[in-house]
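The values are calculated or read from the model by the stated rules, or taken from the named source; none is laboratory data. The model shown is predicted, which means the values in this text are computed figures rather than measured ones. Cβ sites come from the backbone with ideal geometry, for glycine too, and all protein chains shown count toward neighbours.
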Amino acid sequence: MLFSVKSSNPQSINCSFMKTYRRQIREKILQALYTIEIRDTDIDSAAGWLLTEEILADNNAMKFFNMLLNNIKEHKDEIDRYIVKHTFNWDMSRIAIIDKNIIRMALTEILYCEDIPPKVSINEAIEIAKKFNSTDKSSKFVNGILDAIFNDLKAEGKVHKNGRGLIDQSVVKLQKAESESENTGIDT
């Protein structure tokens, strides 16, 4: 079985371990998702032939690959609802398979990979859309949809990111000041 690397929490893992393969892995996942949608096949069959020896040999790369692909499949309905909500008057079947899967992948990172900044996920999606473009406007379409969804997720408090550069630093400073004032008894 291809997906033998397990995480203690398969829905959300620390993804900061990745070296140079992140984009390569994202591209492989996109190809696997495309294969799954076109051929109606299982994950192992769709993804197995895409993985390079370099990725297979890297335990951390396989963790990232497994986490991302499995979360896309597990949360597909939820992710698709976000896409439908922001693609007014477009049926999901009318959205290019490549664009739809790029958006799914980026949303999965935003929602389930706590330490990858949303802007990184969105920028990676845009770059992959440029490379695998289904139309000359794919990257703009992907950017627009992801930006709108991300803004809604942020407003709803559904984006949970940890670490430096991943959350609004002014909020962190305010929380720290409130915490310090509670400890000292001083009002902020």
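Restricting attention to the stretch 96-113, the residues being more than 13 Å from the chain's Cα centre (by Cα), among the β-branched types (V, I, T) and buried (at least 19 other Cβ atoms within 10 Å of the Cβ) number 1. Put simply, of E53, E37 the only residue that is acidic (D, E), surrounded by 14 or more Cβ atoms within 10 Å (Cβ to Cβ) and at pLDDT below 90 is E37. The single residue among S12, S8, S16, S4 that is in contact with a helix residue (DSSP H, G or I) (Cβ under 6 Å, 6 or more places away or on another chain), among the hydroxyl-bearing types (S, T, Y) and modelled with pLDDT under 90 turns out to be S12. Looking at this structure, is L69 of a type outside the set (D, E), at pLDDT below 90 and either within 15 Å of E109 (Cα to Cα) or part of a helix (DSSP H, G or I) (or both)? Judged against the criteria, L69 is not a match. Residues in the stretch 114-134 that are closer than 13 Å to E27 by Cα, under 10 Å from the mean Cα position of the chain (by Cα) and among the aliphatic types (A, V, I, L, M): A125 only.
Restricting to the stretch 127-165, give me the number of residues that are aliphatic (A, V, I, L, M) and surrounded by 19 or more Cβ atoms within 10 Å (Cβ to Cβ). Count: 6.
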